[in-house]
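Comments concern the structure below.
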Amino acid sequence: MESIKQNITSPEQKLLQAFVCEGCHQHVSQTELIIPSGPREGERVIANYGCRCEDIKLAKAAEQKYSQLKHRNRMDRFNYYSLINDSLKEATFDNFDALDSNLKQAKEKALAYSHSFDRKQNLLLTGDYGTGKSHLSISITKALMKRKYECLFLSLPKLLTKVKGTYNTKGVTEEELLNIIQCVDLLVLDDIGAEQQTEWSTSKLFEILDDRSGKATVYTTNLSSDELKERVSERNFSRVMDNTNVIVINGSDYRRRAF
């Protein structure tokens, strides 16, 4: 009975050749089969036993799909938690308007920071209103997210307002928001020093800076070093400047150039 069953289910086989597959580098036995039964009964087919090329192809396709899904999830998290003005949502390095040598130099330094990103070095962009500090900082986040880094862009005044809002409303909690801030590879704190100065805001800023210790943060401000120290407190200023490179951006307000 067993031999009858084997004859019914096992096709005739003929070894054609044995070789090492160039694709998967496996030892392959190329065999000709004659299908013994079913709709394709009697059909001759060639099978490469031992070849893993198709498995590798399927695995790569699955990995690519998973990578695309993770990138979409990163973008969804970035868009959900970030606090960005509409005018900045399309900002990239490519559309940064570097009209003079100082702006070109600032762009080159910001690009260099994104290219050599090591998760520990901080950056402070300082200069007058409308010189492109926020544009460059969000461009850094977009460049890094293409390389699979987790980033977050937060206007500090809006962030503190958001944190206060969590005390009385449902939705994103303060703990959830602060956990995200702590964990991302790069945090941008935009417009630091522009927040309303209170004992609570100074304390909350220190908590954020303390949680980010040893992790990359990009700051932007319109204030000079003395002004920033006075606004955010000497302790917070010391945290901001720890392991931080400074880019000074001078130029006319791009929002008023047409005028």
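Relative contact order, percent, of the chain when contacts are C-alpha pairs under 8 Å separated by at least 6 residues?
Contact order relative to length: 20 percent.
Run the quick spin-label model on C24 and E227: label points 7 Å from Cα toward the beta carbon, then report their separation in nm to one decimal.
Taking the two extended label points, one gets 6.6 nm.
Select from T198, T131, T221 the residue whose mean-square fluctuation is largest in a Gaussian network model of the chain (Cα-Cα springs shorter than 10 Å).
T198
Near the amide H of E150, under 5 Å away, which other amide H atoms are found, from residues 5 or more places off or on another chain, if H is placed in the peptide plane?
For E150, whose amide H was placed from the backbone, the distant partners under 5 Å are D185, L186.
Ignoring any ligand, DNA or RNA, what whole percent of the accessible area of the chain comes from carbon and sulfur when the probe is 1.4 angstrom?
48 percent
Report, by chain and number, residues whose modeled amide H sits under 5 Å from the one on R212, excluding near sequence neighbours (fewer than 5 apart, same chain).
Amide H neighbours of R212: none.
Which order do L83, L186 take when ranked by solvent-accessible area (1.4 Å probe, heavy atoms of all protein chains), largest first?
Per-residue accessible area, sorted high to low, gives L83, L186.
How large is ³J(HN,Hα), in whole Hz, for each residue of region 157-167 in order, when computed from phi with the Karplus curve 6.51 cos²θ - 1.76 cosθ + 1.60 and θ = phi - 60°, using x for Gly and Pro?
Running phi through 6.51 cos²θ - 1.76 cosθ + 1.60 with θ = phi - 60° gives x, 5, 4, 5, 5, 5, 4, 4, x, 5, 6 Hz.
Step through the table entries K142/K229; K57/K215; K142/K162, compare each Cα-Cα distance with 31 Å, and write down the pairs that go over it.
Long pairs (Cα-Cα over 31 Å): K57/K215.
Under the Karplus relation 6.51 cos²θ - 1.76 cosθ + 1.60, θ = phi - 60°, what is the ordered set of whole-Hz ³J(HN,Hα) values for region 78-90, x standing for Gly and Pro?
So the J values, rounded to whole Hz, are 4, 5, 6, 8, 5, 10, 10, 5, 4, 5, 9, 5, 9.
How big is the accessible area of T161 in square angstrom, nearest 10, if you roll a 1.4 angstrom probe over the protein chains?
100 Å²
On a 0 to 90 degree scale, rounded to 10, what angle separates helix 101-115 from the longest Cα axis of the chain?
40 degrees
Relative to a virtual label point 7 Å from the Cα of S203 in the Cα→beta-carbon direction, which members of region 142-177 show backbone nitrogen distances below 20 Å?
157-169, 173-177
How would K170, K120 line up by accessible area, probe 1.4 Å, largest first?
The most accessible residue leads, giving K170, K120.
So how much accessible area does K204 have, in Å² to the nearest 10, using a 1.4 Å probe?
The accessible area comes out at roughly 20 Å².
May I ask you to evaluate 6.51 cos²θ - 1.76 cosθ + 1.60, the Karplus curve with θ = phi - 60°, for each residue of region 198-210 and list the ³J(HN,Hα) values in order in whole Hz, giving x for glycine and proline?
9, 4, 5, 5, 5, 5, 5, 4, 4, 4, 5, 5, 5
In the full protein assembly as shown, how much of R147 is accessible to a 1.4 Å probe, in Å² to the nearest 10?
It works out to around 100 Å².
Given a Förster distance of 41 Å, report the FRET efficiency between S213 and L99 from their Cβ-Cβ distance, rounded to the nearest 0.05.
FRET efficiency, S213 to L99: 0.65.
Express the relative contact order of region 106-223 as a whole percentage, based on alpha carbon pairs under 8 Å and six or more residues apart in sequence.
Result for region 106-223 is 39 percent.
For the chain, take N as its residue count and report Rg(C-alpha) divided by 2.2 N^0.38 Å.
The value comes to 1.61.
When the chain is modelled as a GNM with alpha-carbon springs shorter than 10 Å, which of I56, I138, I35 fluctuates the most?
I35
The values are calculated or read from the model by the stated rules, or taken from the named source; none is laboratory data. Bear in mind the structure is a predicted one, so any value in this text is a computation, not a measurement. A quick note on method: Cβ atoms are made from the backbone with ideal geometry, for glycine too, and the neighbour counts reach across all protein chains shown. All accessible areas refer to the heavy atoms of the entire protein, side chains included, with ligands and DNA or RNA removed. Shrake-Rupley method; radii C 1.70, N 1.55, O 1.52, S 1.80 Å.
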